[in-house]
1. For Cα pairs less than 8 Å apart in space and 6+ apart in sequence, what is the mean separation divided by the residue count of the chain, i.e. the relative contact order in percent?
2. In the chain, with Lys and Arg counted as +1 and Asp and Glu as -1 at Cβ, which of these residues, CYS416, LEU199, THR392, has the Cα nearest the positive end of the dipole, that is, farthest along it?
3. Which residue, chosen from ASN258, CYS165, ILE31, occupies the Cα position most advanced towards the positive end of the dipole of the chain, where the dipole is computed from +1 (Lys, Arg) and -1 (Asp, Glu) charges on Cβ about the Cα centre?
4. So what is the relative contact order of the range 14-67, in percent, for Cα pairs below 8 Å that sit 6 or more residues apart?
5. Taking the Cα centre of the range 19-151 as origin, sum charge times position over the Cβ atoms of Lys and Arg (+1) and Asp and Glu (-1), and report the length of that vector in debye to the nearest 20.
6. Would you mind calculating the gained length between ARG83 and GLU272 on full extension (0.36 nm times residue separation, minus the Cα-Cα distance), in nm to one decimal?
7. Sorted from largest down, give the three principal axis spans of the alpha carbons of the chain, whole angstrom values.
8. Of the heavy-atom accessible surface of the range 25-232 (probe 1.4 angstrom), what whole percent is carbon and sulfur?
Amino acid sequence: MKTPKKFVIKGGRTLNGEVEISGAKNAVVAILPATILADEPCVVENVPDISDVEISFRILRELGATVEYLSPHTYRIDTTAIRSHCVPYESARRMRASYYFMGALLGKFGHCRVSMPGGCPLGDRPIDQHLKAFAKLGAACKVDRGMVDITTQDGLKGNQIFFDCVTVGATMNAILAAVKAEGLTVIENAAKEPHIVDLASFLNSMGAEIMGAGTDTIKIRGVKYLRGTDYAVIPDQIEAGTYMVAAAATGGNVLVKNVIPKHLESIISVMEKIGVKIEQFDDAVRVSVDGPLVKTSIKTRPHPGFPTDMQPQISALLCLAEGTSMIKEGVSEQRFQYVDELRRMGADIQVDGKVAVIEGTGHLTGAPVKACDLRAGAALMIAGLAAQGVTTIEDIYHIERGYSDMEGKLRALGACIEKKAIIQNETGSQPDQDAV
Ligand code: EPZ
């Protein structure tokens, strides 16, 4: 059992310098299972060092694949010897993206047995649309004691799939299952996130025939054989947005490198409304603040709208702005659990269902807090960096699921941050006075 760790942050320092963005978590957690569909080994580059990748590698190895480290962030994955089609609870429960092994195993072998997924506690997170897509392709799905059994009698057949709601996961899973199905599949009301385009580009680089990814209609003509490929994962738009908000929250000046500005359009638009200055370059953005932060109203939406995965982080920034801001959560069922923790730092936020009203107090105060999910943890990091005094953040395993070396990247920007072991019965204690 690993010793639990906490971040200790001494706030009030501006962030300055450069930060390099890693590969996209929500792309790589679909691309790694997608290697199962390949009939030859694949090389995947720009793989981020995050625990969701470690879990994905563990599941691939448990299935019988070989995963070989070639160089930093580059791995050779050979799934041609896979014999098992079962992903047990112990592995699947640790991340929501384990559900992508359903589409990949079904698409390759015509059957699979995968545990219901785990992941961030964001309210009800059903997979009915995933199972609807598999059924439309001719599979029989049965949920039995937390395991999803999916089988086909005579292989998957292309079909029309219309999603009742815009869903990233089910769109990805439908692509994974359809790419080797017989005939044409048309996915309507598809999600349009950059990571969906990245999965389609990865599969097309192996010889798949996927058209329209990034629009709400995706057409897939099934193929029999997928060759190996050497593919680099896109940069993480949410990691980039997180560091952009951290720079603004501390009044710093940071060049955020290795980004695709097109993927950041809605984030840039909202931050400029708040009064943040953003200069765009080919593969970087520079963030600075040369005036007061001001209130705004935001609703999170599927791409190209403002991403729900940036909602906690922008809330932390709005705590520092002048005036009353409003945030409406338009995607997740419950995504304000972090507000109680921000209140411990002096935030004035009222939540009513899917709406949060933030009274900008202009400052926050360091306190002991706990991360309740991945992006909530990122929001607390941002608040701690901007707060006066010391903040300790526990349950940082949430943060490490989706951010590689966050404390190293922040320290390089001038943050006073340290990762420390939590000594027994110390949880929730006062921040170390002699902290970093
Ligand atoms: C993906 O989750 C991301 N996770 C989430 O990122 C992200 O918040 C979410 O998409 C929205 O962008 C991964 O990619 C691993 P959805 P997912 O299916 O696939 C409902 C992060 O911080 N729905 O788009 O679970 C669902 O309840 C994580 O990186 C159904 O009703 O999201 C939700 O309200 C957190 N039935 C809405 O759709 C279904 O079968 C969006 O869900 C599927 C979804």
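1. 21 percent
2. Farthest towards the positive pole: LEU199.
3. Toward the positive end, the furthest listed residue is CYS165.
4. Answer for the range 14-67 is 37 percent.
5. With only Lys, Arg, Asp and Glu charged at Cβ, the dipole is about 520 debye.
6. Gain on extension, ARG83 to GLU272, equals 62.9 nm.
7. Principal extents (largest minus smallest coordinate, Cα): 64, 44, 40 Å.
8. 50 percent
The values are calculated or read from the model by the stated rules, or taken from the named source; none is laboratory data. As the structure is a computational prediction, the values presented were derived from the model and not from experiment. Cβ sites come from the backbone with ideal geometry, for glycine too, and all protein chains shown count toward neighbours. With ligands, DNA and RNA removed, areas are computed over all heavy atoms of the protein, side chains included. Shrake-Rupley method; radii C 1.70, N 1.55, O 1.52, S 1.80 Å.
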